[in-house]
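The values are calculated or read from the model by the stated rules, or taken from the named source; none is laboratory data. Just so we're clear, the structure is a prediction, and the values are computed from it rather than from any experiment. Glycine also receives a Cβ, built like all others from the backbone with ideal geometry; neighbour counts cover every protein chain displayed. To get the accessible areas, we keep the full protein, side chains included, count just its heavy atoms, and leave off ligands, DNA and RNA. Shrake-Rupley method; radii C 1.70, N 1.55, O 1.52, S 1.80 Å.
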Amino acid sequence: MTSTELLYEGKAKKVFATSDPDVVIVEFKDDATAFNGEKKGQIAQKGVANAAITTRLMNFLASHGIPTHFHKQLDERRLAVARLQMVPLEVVVRNRVAGSLEKRMGVAEGTVLEAPVVELYFKNDALGDPLLNEDHIRAMGIASEELVAQLKKQALEVNRLLQGFFDDRQLILVDFKLEFGMQGGQLLLGDEISPDTCRLWDKKTLRKMDKDRFRRDLGGVEDAYREVLERVLS
Ligand code: TMP
């Protein structure tokens, strides 16, 4: 498949058109940002790791009944995926307290939540992706009640499946972010699933194995991505 026109360049990926209007190519970069782009850097081989991790996880989810945008991996950094009309929401699922929830609630990092928490953020860099509630989403016409219910149901099912997948590989799925979009009237899981978009801790040592190592300057960033890749492919 030949990629042509660059449609979009994000912080960690580029998206190219193809000769098929329903298919785009996503290319994973080594660029990393945090805090809405305030902190910038590079993580060597991150694009290669994230493309392979996303491929494995999308295939795993599809084989368990989750409709996804994934078609196939083209090479080390590029995936062919369905072109989606994106829902402008980031869907976060949390199993333990960390990150912005830790700040918002003042509860210790790692505290296990009694039930998974789903949060919806407005995808808008200029506003810093604010947290919205379902009333905001309905009243501002961002998504219908039915679509929000569908997003939450899919996200919780993805959480159930991924928790088991990572548990088998000695990793705790602390939290993660999903994005969804529509093609031909169907809701598909889009974007990526990787250590950029998940918090993953080693089950025994609780060592952070994700982008928090970059966000917080913990060192060993490349090794963490490589280790997650090895475990995901095992
Ligand atoms: P948070 O604790 O910073 O709100 O992040 C929750 C989860 O969402 C965490 O696994 C990291 C992921 N995430 C993204 O993938 N992109 C983002 O822009 C942010 C803020 C978080």
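Accessible area per residue, 1.4 Å probe, Å², for segment 122-191: what's the number?
Per residue, segment 122-191 has 49 Å² of solvent-accessible surface.
Amide H neighbours of Arg207 under 5 Å, counting only residues 5+ apart in sequence or on other chains, H built in-plane at 1.01 Å?
Here Asp202 satisfy the definition.
Quote the accessible area belonging to Asp135 in square angstrom, nearest 10, computed with a 1.4 Å probe and with ligands, DNA and RNA left uncounted.
100 Å²
Full extension from Ile66 to Glu102: what is 0.36 nm times the residue separation minus their Cα-Cα distance, to one decimal in nm?
Extending this stretch completely gives an extra 10.0 nm.
Quick one: among Asn95, Asn159, Asn36, which has the greatest mean-square fluctuation in a GNM of the chain with alpha-carbon springs under 10 angstrom?
Among Asn95, Asn159, Asn36, the largest GNM mean-square fluctuation belongs to Asn36.
Give me the percent of accessible area attributable to carbon and sulfur for the chain, probe 1.4 angstrom.
Its accessible area is 50 percent carbon and sulfur atoms.
Could you pull out every residue, at least 5 positions away or on a different chain, whose amide H is within less than 5 Å of the one on Lys13? Hs are placed 1.01 Å off N in the peptide plane, and Pro or chain starts have none.
Lys29
From the backbone phi of segment 203-220, what are the Karplus-calculated ³J(HN,Hα) couplings (6.51 cos²θ - 1.76 cosθ + 1.60, θ = phi - 60°) in whole Hz, Gly and Pro given as x?
Taking θ as phi minus 60°, the curve returns 5, 7, 9, 6, 4, 6, 10, 8, 5, 4, 5, 7, 3, 9, 6, 8, x, x Hz for segment 203-220.
Quick check: pseudo-label points 7 Å beyond the Cα along Cα→Cβ at Glu146 and Asp125, how many nm apart are they?
3.3 nm
Near Lys13, which lysines are there with a Cα under 17 Å away, not counting those fewer than 8 places off in the same chain?
Result set, ordered by chain and number: Lys29, Lys39, Lys40, Lys46, Lys72, Lys123, Lys177, Lys211.
Given H placed on each backbone N at 1.01 Å, which residues far from His71 in sequence or on other chains put an amide H within less than 5 Å of it?
Ala80, Val81, Ala82
Show me, for segment 38-51, the HN-Hα J-couplings you get by feeding each phi into the Karplus relation (A = 6.51, B = -1.76, C = 1.60, θ = phi - 60°), rounded to Hz, glycine and proline as x.
Karplus values, whole Hz, x for Gly and Pro: 5, 9, 10, x, 10, 10, 4, 6, 4, x, 5, 5, 5, 5.
On the full set of protein chains, 1.4 Å probe, figure out the accessible area of Ser144 and give it in Å² to the nearest 10.
Rounded to the nearest 10, the figure is 50 Å².
Which residue fluctuates the most in the chain, going by a Gaussian network model with Cα springs under 10 Å, if the choices are Asp223, Asp125, Asp30?
Asp125
Using protein chains only and a probe of 1.4 angstrom, how many square angstrom of Thr4 are accessible, to the nearest 10?
The accessible area comes out at roughly 90 Å².
As a test of the definition: which semi-axes, in Å, follow for segment 111-162 when you take the square root of five times each eigenvalue of its alpha carbon gyration tensor? Largest first, please.
Ellipsoid half-lengths, sorted descending, are 22, 15, 10 Å.
Treating the chain as a set of equal point scatterers at the Cα positions, no solvent, please give the Debye-formula log₁₀ I(q)/I(0) at q = 0.07, 0.08, 0.11, 0.14 Å⁻¹.
-0.21, -0.28, -0.54, -0.93
Report, to two decimal places, the Cα Rg of segment 131-234 normalised by 2.2 N^0.38 Å (N = number of residues).
In units of the globular-protein estimate, segment 131-234 measures up at 1.26.
In terms of solvent-accessible area of protein heavy atoms at a 1.4 angstrom probe, what is the ranking of Glu9, Glu90, highest value first?
Glu9, Glu90
Ordering Tyr121, Tyr225 by accessible area with a probe of 1.4 Å, largest first, what comes out?
Of Tyr121, Tyr225, the descending order of accessible area is Tyr121, Tyr225.
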